[in-house]
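Accompanying notes for the structure given below.
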Amino acid sequence: MPRDTESIEREIENARNQLASTLDELTVRTNPKRLVENTKRTLIAKLNEPAVKYGLIAVGAVTGLLVLRKALR
């Protein structure tokens, strides 16, 4: 059963609109400023988790004590 020209043109137009929408979304997602903001937001959220925060404080304290001990010897 042959397809008519109008249905083929509609399909092409729909495919073109979907492609344009996808390209617009990719352009927004790959914006360098947006990537930096998202990474910074994710990192801050991760560092504010209690397990990570207190772990970093403990590592800093131990490192500080070791440096102080080395300096006093």
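For this structure, a couple of remarks:
- Per residue, the stretch 6-73 exposes an accessible area of 93 Å² to a 1.4 Å probe, with every protein chain left in place.
- Selected from Pro50, Asn38, Thr63, residue furthest toward positive end of dipole (the chain; charges at beta carbon): Thr63
- Isotropic mean projected area of the C-alpha convex hull, the chain (nm²): 9.7 nm²
- Only Lys, Arg, Asp and Glu carry charge here, each on its Cβ (+1 for the first two, -1 for the last two); on that basis the chain has a dipole of about 1220 debye about its Cα centre.
- Rounded percent of accessible protein surface that carbon and sulfur make up, the chain, 1.4 Å probe: 63 percent
- Over all distinct Cα-Cα pairs of the stretch 32-72, the Kirkwood formula returns a hydrodynamic radius of 12.1 Å.
The values are calculated or read from the model by the stated rules, or taken from the named source; none is laboratory data. Fair warning: this is a prediction, and the values are worked out from it, not measured in the lab. Methodologically, a virtual Cβ is constructed for each residue, glycine included, from the backbone with ideal geometry; neighbour enumeration extends over all protein chains shown. Note: areas computed on protein heavy atoms with side chains; ligands, DNA, RNA excluded. Shrake-Rupley method; radii C 1.70, N 1.55, O 1.52, S 1.80 Å.
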